[in-house]
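Below is one structure; the comments refer to it alone.
The values are calculated or read from the model by the stated rules, or taken from the named source; none is laboratory data. Worth saying up front: this structure is predicted, and the values here are computed from it rather than measured. FYI the Cβ positions are ideal-geometry reconstructions off the backbone, even for glycines, and counts take in every protein chain you see. Accessible surface areas use protein heavy atoms only, side chains included; no ligands, DNA or RNA. Shrake-Rupley method; radii C 1.70, N 1.55, O 1.52, S 1.80 Å.
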Amino acid sequence: MKNAAPVNRIIPFSTVDGPGSRTSIFVQGCNIACAYCHNPETQRMCVHCGDCVPGCPAGALSMVDGRVVWDEALCAWCDSCIRTCSHHASPRVLWMTPEDAMERVSRNIPFIRGVTVSGGECSLYPGFLTGLFTLAKERGLTCLMDSNGTADLARHPALMEVCDGVMLDVKSWDPAVHRALTGADNAAVKKNLAFLSETGKLEELRLVVVDGLVDAEAVIAGAAETLGPRAAETRLKLITFRCQGVRGRLENHPSPSRETIERLGELARRAGFREIRLI
Ligand code: SF4
Ligand code: SF4
């Protein structure tokens with residue numbers, strides 16, 4: 001299927017994935033592995049091991065020719081399969097073309113302002129995004145990406161033409177810290193930060209604050225220096241780490257205190273940010 005992407009789920013009406021009510025599409029698959037990922041079941045593709053099939057209480061999963069098949073109509077959405085899977089995958093994935101996805105989005109018009117694609121990592125599927133956003137804009141919808149910024153977005157001019165903005169995660173500033181947190185380098189993230197800001201496509205900058213693991217002060221200082229005067233008009237979200245849904249070494253890690261978040265907010269204000277959200 002041309003430009004198809006694996007879709008983990010679609011939330012018809014979301015108010016937390018950009019301005020206004022939006023349809024949010026979560027794709028499957030990510031190119032990094034954040035220790036604090038809240039959607040770990042979206043990180044990898046199913047390897048069809050079959051481990052989750054016997055535990056499905058609704059008979060929605062079966063093995064056919066060595067592959068797991070999911071019957072959406074039978075699914076009780078109990079998440080038993082997600083809890084069983086040790087591969088950070090899900091059997092509940094549908095490959096969709098831009099037209100398929102737009103058909104789902106269209107059901108929610110006129111109650112939405114736009115569509116947001118998240119993940120997983122949506123920039124792994126530029127053809128899907130370009131096709132979907134082209135169709136969505138024809139219907140008057142705004143189109144946002146939620147991205148970890150590790151793919152060089154300047155290499156996708158057709159996508160950036162139809163994308164209204166990117167909600168960019170800047171997870172750390174020091175490459176060694178980023179690597180320890182995600183397994184990947186962050187040179188592309190910094191390049192994207194500058195590129196998106198310069199081209200007016202930086203919808204917001206997001207930083208998840210984790211005590212002892214994230215160099216939040218360095219992110220604020222580095223981002224402020226990169227953005228220069230544009231920092232004042234850039235929305236910065238300082239997000240309190242919470243361990244709910246997290247698997248692995250951070251699944252019992254404490255959240256930073258409110259005082260820590262407020263101190264970082266004040267630091268950001270002094271660095272030049274004006275639109276600061278503490279979450
Ligand atoms: S969520 Fe998974 S285990 Fe539960 S009914 Fe659906 S397919 Fe079966
Ligand atoms: S979703 Fe996970 S447990 Fe189920 S078949 Fe795929 S890899 Fe195996």
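Some values worked out for this structure:
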quantity: Solvent-accessible ranking of K237, K2, largest area first, probe 1.4 Å; calculated: K2, K237
quantity: Probe 1.4 Å, protein heavy atoms only - accessible area per residue of segment 47-92 in square angstrom; calculated: 58 Å²
quantity: Nearest-0.05 FRET efficiency for W77 and M45, computed from C-beta distance (R0 25 Å); calculated: 0.75
quantity: Top of F128, F13, F111 by mean-square fluctuation, Gaussian network on the chain, Cα under 10 Å; calculated: F111
quantity: Solvent-accessible area per residue for segment 134-256 (1.4 angstrom probe, square angstrom); calculated: 41 Å²
quantity: For segment 1-144, alpha-carbon Rg over 2.2 N^0.38 Å; calculated: 1.07
quantity: Accessible surface of segment 76-211, 1.4 Å probe, proportion on carbon and sulfur as whole %; calculated: 53 percent
quantity: With Cα atoms, 0 to 90° folded angle of helix 126-138 axis to the chain main axis; calculated: 80 degrees
quantity: Segment 1-84: relative contact order in percent, alpha carbon pairs under 8 Å with at least 6 residues between; calculated: 19 percent
quantity: The chain: angle of helix 216-227 to the longest principal axis, Cα-based, in degrees nearest 10; calculated: 80 degrees
quantity: Segment 33-46 - phi-based ³J(HN,Hα) in whole Hz, Karplus 6.51/-1.76/1.60, Gly and Pro as x; calculated: 9, 6, 5, 9, 4, 8, 10, x, 6, 9, 6, 10, 8, 4
quantity: Semi-axis lengths, Å, the chain, gyration tensor of Cα atoms, sqrt of 5 times eigenvalues; calculated: 32, 24, 16
quantity: Stretchable slack from E103 to A194, in nm (0.36 nm times residue separation minus alpha-carbon distance); calculated: 29.3 nm
quantity: Inter-label distance, nm, simple model (7 Å from Cα along the C-beta direction), E233/E266; calculated: 2.9 nm
quantity: Neighbourhood net charge (14 Å Cβ-Cβ; Lys/Arg +1, Asp/Glu -1) for S172; calculated: -2
quantity: Pairwise label distance in nanometres, S21 with L278, each label 7 Å out on the Cα-Cβ vector; calculated: 3.1 nm
quantity: Segment 193-247 versus segment 77-116: alpha-carbon centroid distance in Å; calculated: 27 Å
quantity: The chain: angle of helix 187-198 to the longest principal axis, Cα-based, in degrees nearest 10; calculated: 70 degrees
quantity: Charged-residue dipole, Cβ positions (Lys, Arg, Asp, Glu), the chain about Cα centre, Debye nearest 20; calculated: 260 debye
quantity: MRE, 222 nm, helices only [DSSP H, n ≥ 4, -39500 (n - 2.57), over the chain, to nearest 500]; calculated: -8500 deg cm²/dmol
quantity: Accessible-area order (highest first, 1.4 angstrom probe) of the listed residues M102, M63; calculated: M63, M102
quantity: Local electrostatic count at S24 - Lys and Arg +1, Asp and Glu -1, tallied over other residues with Cβ under 13 Å; calculated: +2
quantity: Unsatisfied cross-links (Cα-Cα over 27 Å) in the set K171/K201; K2/K171; K2/K191; K137/K201; K190/K237; calculated: K2/K171; K2/K191
quantity: Candidates G212, G114, G127, ranked by Gaussian network fluctuation over the chain, Cα under 10 Å, top entry; calculated: G212
quantity: Value of relative contact order over segment 130-203, rounded to a whole percent, pairs C-alpha under 8 Å and six or more apart; calculated: 34 percent
quantity: Cα shape, segment 102-149, gyration tensor, a/c 1.5 rule; calculated: prolate
quantity: Length-normalised contact order of the chain in % [C-alpha pairs under 8 Å, at least 6 apart]; calculated: 17 percent
quantity: Potential lengthening between A187 and H156 on full extension [0.36 nm per residue; Cα-Cα distance subtracted]; calculated: 9.4 nm
quantity: Karplus-derived 3J(HN,Hα), 6.51/-1.76/1.60, for each residue of segment 154-161, Hz, glycine and proline x; calculated: 5, 7, 10, x, 5, 5, 5, 5
quantity: Highest-MSF residue in the chain out of D185, D51, D169 [GNM, Cα springs under 10 Å]; calculated: D51
